[in-house]
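The values are calculated or read from the model by the stated rules, or taken from the named source; none is laboratory data. None of these values were measured; they are calculated from a predicted model. Every residue, glycine as well, gets a Cβ built from its backbone with ideal geometry; the counts of neighbours run over all protein chains shown.
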């Protein structure tokens, strides 16, 4: 199976979007988006925003993808600034090394003002197709905060099962603790 990128979709709000590989020029925009999500403190375990080198080690060591608006302004120079237009992003990489490298992991972020427009589902479906095309046999999400119900609902609707629960694994900003789930989906 070979996935031809880019992929195109019309979002629920009528916006046209394009899913493609992350380019080097996208890295800072994706890092900024990830850092916003980290500061929100509801989905990723990091406490502090990631530096360029931390981001590169965490997000950009393997396959990374972005969703951008596919409008007439894309790529144009706007007063010395290129339009970032990054709506969401995800990475895909082995969850473990060596004898277990056939199991993959992925991480997803969506621009907060565009959540609920179908970007997460589209990226999830694309990730499953890409992972299968790359020969992975299963996807494991190691640490899904139990309070992240939109994400849990999405992954369950895409065939993931909860295979574990880590009690009080997450310390939220307000001092409370919540469980984390381990989600799994076979690609066979």
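What to note about this one:
- Flag if residue 19 is part of a loop (DSSP other than H, G, I, E, B), at pLDDT 95 or above and surrounded by 15 or more Cβ atoms within 10 Å (Cβ to Cβ): no
- Selection status of residue 88, in contact with a helix residue (DSSP H, G or I) (Cβ under 6 Å, 6 or more places away or on another chain) and more than 18 Å from residue 160 (Cα to Cα): yes
- Single residue of 142, 105 found to be assigned to a strand (DSSP E or B) and more than 13 Å from the chain's Cα centre (by Cα): 142
- Any chance residue 54 is surrounded by fewer than 19 Cβ atoms within 10 Å (Cβ to Cβ) and at pLDDT below 95: no
- Some residue of segment 166-180 being within 16 Å of the chain's Cα centre (by Cα), over 24 Å from residue 31 (Cβ atoms) and not in a strand (DSSP E or B): no
- Long-range neighbours under 8 Å by Cβ, at least six apart or interchain, first residue on the phi < 0 side of the Ramachandran plot and in contact (Cβ under 8 Å) with a residue 12 or more places away in the chain within segment 40-56, second part of a loop (DSSP other than H, G, I, E, B) and surrounded by 11 or more Cβ atoms within 10 Å (Cβ to Cβ): 42/147; 42/148; 42/172; 43/148
- Residue in segment 145-161 that is free of Cβ contacts under 8 Å to residues at least 60 places away in the same chain and at positive phi present: yes
- Pick from segment 104-123, criterion touching a strand residue (DSSP E or B) at 6+ places or on another chain (Cβ under 7 Å) and without any contact (Cβ under 8 Å) to a residue 60 or more places away in the chain, ranking: surrounded by the fewest Cβ atoms within 10 Å (Cβ to Cβ): 105
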